[in-house]
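For reference, the structure I am asking about is given below.
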Amino acid sequence: MVDLSIAFVVLAGMMSDYRVAVGWGLLMLPVLFLLKVMLALGVVLWTSGWNVKYRDVRYALPLLIQLWMFASPVIYPASIVPDRWRWVLALNPLAGVIEAYRSSLFGLPFDWAALGASAGVTFALFAFAVYDSRRMERAFADVV
């Protein structure tokens with residue numbers, strides 16, 4: 001969150017310097033931020049339990065996170081993905097959130113279907129991670 005705050009201040013300065021118009025889409029930023037935090041908490045809860053049980057997870061996790069970054073539309077827009085593969089991109093919970101950030105900051109129309117799919121996957125992952133973490137925490141004291 002500290003990194004996001006610093007980057008947002010820099011972005012706001014650049015947007016004012018380049019005279020980028022801001023609109024009502026900025027009201028979606030807190031919702032998008034909460035979705036991103038919920039996704040991060042879900043991933044952390046899920047992988048931390050597996051890290052306690054299987055020690056090799058901590059070595060595989062940086063590689064998986066890097067692959068996830070390239071599978072997310074961070075450096076490319078989602079519009080370059082062919083239509084027949086968009087459903088695969090919609091399974092990535094960050095894809096809809098990243099595109100919604102772009103829409104919010106640059107006044108573009110929102111892709112509500114992609115954002116809804118991202119929110120659904122995020123909620124499902126968070127619920128599963130809480131359930132899985134609760135289930136696995138009974139054995140943490142024996143393993144640690």
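Pick out the one residue from 140, 126 that is farther than 30 Å from residue 23 by Cα, among the hydrophobic types (A, V, I, L, M, F, W, C), out of contact with any strand residue (DSSP E or B) (no Cβ under 8 Å at 6 or more places or on another chain) and surrounded by 19 or more Cβ atoms within 10 Å (Cβ to Cβ).
Values: 140 fails: surrounded by 19 or more Cβ atoms within 10 Å (Cβ to Cβ).
Selected residue: 126, the only one of 140, 126 that is farther than 30 Å from residue 23 by Cα, among the hydrophobic types (A, V, I, L, M, F, W, C), out of contact with any strand residue (DSSP E or B) (no Cβ under 8 Å at 6 or more places or on another chain) and surrounded by 19 or more Cβ atoms within 10 Å (Cβ to Cβ).
Is it true that residue 96 is free of Cβ contacts under 8 Å to residues at least 40 places away in the same chain, under 12 Å from the mean Cα position of the chain (by Cα), assigned to a helix (DSSP H, G or I) and surrounded by 15 or more Cβ atoms within 10 Å (Cβ to Cβ)? Show your work before the answer.
Details: free of Cβ contacts under 8 Å to residues at least 40 places away in the same chain: yes; under 12 Å from the mean Cα position of the chain (by Cα): yes; assigned to a helix (DSSP H, G or I): yes; surrounded by 15 or more Cβ atoms within 10 Å (Cβ to Cβ): yes.
Yes; evaluated as a whole, the condition is true for this residue.
Would you check if there is a residue in the range 72-80 being exposed (fewer than 14 other Cβ atoms within 10 Å of the Cβ), among the β-branched types (Val, Ile, Thr), in a helix (DSSP H, G or I) and at pLDDT 90 or above?
Within the range 72-80, one or more residues are exposed (fewer than 14 other Cβ atoms within 10 Å of the Cβ), among the β-branched types (Val, Ile, Thr), in a helix (DSSP H, G or I) and at pLDDT 90 or above.
Right, here's the next one. Residues to consider are 57, 81, 20, 74; find the one that is under 29 Å from residue 134 (Cα atoms) and of a type in the set (A, V, I, L, M, F, W, C).
Working: 81 fails: under 29 Å from residue 134 (Cα atoms); 20 fails: under 29 Å from residue 134 (Cα atoms); 74 fails: under 29 Å from residue 134 (Cα atoms).
Sole residue among the options that is under 29 Å from residue 134 (Cα atoms) and of a type in the set (A, V, I, L, M, F, W, C): 57.
Out of (1) free of Cβ contacts under 8 Å to residues at least 12 places away in the same chain; (2) more than 17 Å from residue 95 (Cα to Cα); (3) not charged (D, E, K, R), what's the single condition that is false for residue 47?
(1)
For the range 99-123, give me the residue count where each residue is surrounded by 20 or more Cβ atoms within 10 Å (Cβ to Cβ), hydroxyl-bearing (Ser, Thr, Tyr) and under 12 Å from the mean Cα position of the chain (by Cα).
Adding up the residues that qualify gives 2.
Check the range 84-91 and report whether any residue there is under 28 Å from residue 54 (Cα atoms), assigned to a helix (DSSP H, G or I) and either among the β-branched types (Val, Ile, Thr) or out of contact with any His (no Cβ under 6 Å at 6 or more places or on another chain) (or both). Talk me through it step by step, then tell me what you get.
Taking the range 84-91 as the starting set, the residues that turn out to be under 28 Å from residue 54 (Cα atoms) are 91.
If we keep only those that are assigned to a helix (DSSP H, G or I) too, we end up with 91.
Next, from what is left, pick out any that are either among the β-branched types (Val, Ile, Thr) or out of contact with any His (no Cβ under 6 Å at 6 or more places or on another chain) (or both): 91.
Yes, the range 84-91 has at least one match.
May I pose another question? What number goes with the only condition from (1) outside any loop (DSSP other than H, G, I, E, B); (2) among the aliphatic types (A, V, I, L, M); (3) at pLDDT below 90 that residue 39 does not pass?
Going through (1) outside any loop (DSSP other than H, G, I, E, B); (2) among the aliphatic types (A, V, I, L, M); (3) at pLDDT below 90 one by one, residue 39 breaks only (3).
Is it the case that residue 115 is in a helix (DSSP H, G or I), of a type in the set (A, V, I, L, M, F, W, C) and over 20 Å from residue 26 (Cβ atoms)? Show your work before the answer.
Working: in a helix (DSSP H, G or I): yes; of a type in the set (A, V, I, L, M, F, W, C): yes; over 20 Å from residue 26 (Cβ atoms): no.
Spelling it out, it is not the case that residue 115 is in a helix (DSSP H, G or I), of a type in the set (A, V, I, L, M, F, W, C) and over 20 Å from residue 26 (Cβ atoms).
The values are calculated or read from the model by the stated rules, or taken from the named source; none is laboratory data. Just so we're clear, the structure is a prediction, and the values are computed from it rather than from any experiment. All Cβ positions, even for glycine, are placed from backbone atoms using ideal geometry, and neighbour counts span all protein chains on display.
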